[in-house]
Amino acid sequence: KALEQNLGCALFIRRHRGVELTEKGAFLLVALQRGFETISDAVSRLRDRPDAVDVTIRTTTAVSALWLTPKITAFWKIHPGITVSQIISDVATAASRHDLHIGYAVPGDDGDEWREIFRDRILAYGTPHFAREHGIRGIKDLLRAPLVHMNDDHNAWTGWADWFRELGHPPPSGRSLFVNNHMIALQAAEDDVGAVLGWEGLMARVLQAGRLVSLVPESIPSPAAFSLRINPRASAKARLFADWLAAG
């Protein structure tokens with residue numbers, strides 16, 4: 001009766017020798033059955049397959065795809081008994097539980113332990129076809145060429161205006177495409193949409209595949225490093241993995 005009053009509808013037809021479900025009552029019963037079945041299945045899975053993840057590391061899509069995933073594969077070959085799980089997100093949030101976090105950032109004075117993974121150069125990349133089509137022979141040609149810009153409030157990626165300013169040039173004036181994901185920016189460059197900025201430490205596999213090339217010799221040092229942040233509650237296995245990443 002309390003449930004019916006709360007829902008504002010009848011769930012049962014009360015008869016002299018018992019009750020029957022109304023249409024709404026039957027609808028609710030099916031929903032509840034499915035819910036309890038899902039809960040039961042989840043509990044069974046947890047009992048049959050206990051959590052075997054030793055290390056959880058959080059990072060962006062680009063860092064995972066271009067750098068971290070091959071590193072984890074190499075680590076597994078050396079330490080097959082330690083399992084590593086990734087949380088891939090391009091949104092800055094502290095909601096998830098993780099042992100380690102890799103980001104493009106200046107280490108903060110927050111009491112956490114930080115390790116610098118790499119601090120490299122930032123170069124301009126594009127396809128050979130793009131370079132020919134837009135006559136890219138020097139850095140001044142890039143000022144008028146189509147460029148792919150990172151527009152991301154959650155990650156402080158260095159942009160084209162910063163890059164040109166460090167090299168003593170005005171902001172670019174060519175056509176612009178704005179995206180909020182570095183992997184999408186690289187894909188746009190591969191599709192000849194525009195030139196893209198890339199971090200040398202992340203570009204090795206892309207360059208080896210021949211999809212993109214360095215367009216001009218000029219570069220700037222990365223103002224921030226790709227840094228590893230260690231949770232104070234990280235386990236010994238997580239710290240072992242952190243030491244291995246920092247040393248590599």
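The values are calculated or read from the model by the stated rules, or taken from the named source; none is laboratory data. Values in this document were obtained by computation on a predicted structure and should not be read as measured data. In this analysis, Cβ positions are derived from the backbone assuming ideal geometry, glycine residues included, and neighbour counts consider all displayed protein chains. The accessibility values were calculated without ligands, DNA or RNA, using every heavy atom of the protein model including side chains. Shrake-Rupley method; radii C 1.70, N 1.55, O 1.52, S 1.80 Å.
Summing charges over all other residues whose Cβ lies under 12 Å from the Cβ of residue 7, with Lys and Arg as +1 and Asp and Glu as -1, gives +1.
Between the listed residues 39, 149, 53, the Cα displaced farthest toward the positive end of the dipole of the chain, a dipole computed from Cβ unit charges relative to the Cα centre, is found at 39. Annotation: lysines with alpha-carbon distance below 29 angstrom to residue 1 (same-chain offsets under eight excluded): 24.
With unit charges on the beta carbons (Lys and Arg positive, Asp and Glu negative) and the dipole taken about the Cα centre of the chain, which residue among 13, 30, 164 sits farthest to the positive side? It is 13, whose Cα lies furthest towards the positive end. Cross-link reach is defined here as a Cα-Cα straight distance under 28 Å, omitting same-chain residues fewer than 8 places apart; for residue 237 the lysines meeting it are 71, 77. Taking Cα extents along the principal axes in Å as calculated from this structure, the corresponding entry among (i) 64, 50, 47; (ii) 52, 38, 35; (iii) 92, 45, 36 is (iii). The HN-Hα couplings worked out from phi for the range 233-240 by the Karplus form 6.51 cos²θ - 1.76 cosθ + 1.60 (θ = phi - 60°) are 9, 4, 6, 5, 5, 5, 5, 4 Hz, whole numbers, x standing for Gly and Pro. In the context of the full set of protein chains, the range 115-248 has a per residue accessible area of 49 Å² (1.4 Å probe). For the range 121-190, what % of the accessible area comes from carbon and sulfur atoms, probe 1.4 Å? Using a 1.4 Å probe with all protein chains present, the range 121-190 comes out at 48 percent carbon and sulfur. Taking amide hydrogens as placed 1.01 Å from N in the peptide plane, the amide H of residue 220 sits under 5 Å from those of 122, each at least 5 positions away in sequence or on another chain.
Summed over qualifying helices (DSSP H, 4 residues or more, each -39500 (n - 2.57)) and divided by its residue number, the chain shows a 222 nm mean residue ellipticity of -10000 deg cm²/dmol.
Within the shell of other residues whose beta carbon sits under 15 angstrom from the beta carbon of residue 70, the net charge comes to +3, with Lys and Arg scored +1 and Asp and Glu -1.
Please compute the contact order of the chain in relative form: average sequence separation of alpha-carbon pairs under 8 Å and at least six residues apart, divided by the residue count, as a percent. Rounded, it is 26 percent for the chain. Go ahead and set up a Gaussian network model of the chain, Cα springs under 10 Å, then flag whichever of 194, 81, 174 fluctuates most. Per the Cα network of the chain with a 10 Å cutoff, 81 tops the list.
Charge tally around residue 202: other residues with Cβ under 13 Å, Lys/Arg +1 each, Asp/Glu -1 each, net +2.
Peptides 206-217, 231-242, 3-14, 122-133 ranked from most to least packed give 122-133, 231-242, 206-217, 3-14, packing being the mean of other C-beta atoms within 10 angstrom over each peptide's residues. Considering only beta bridges that DSSP places wholly inside the chain, some 65 percent are antiparallel.
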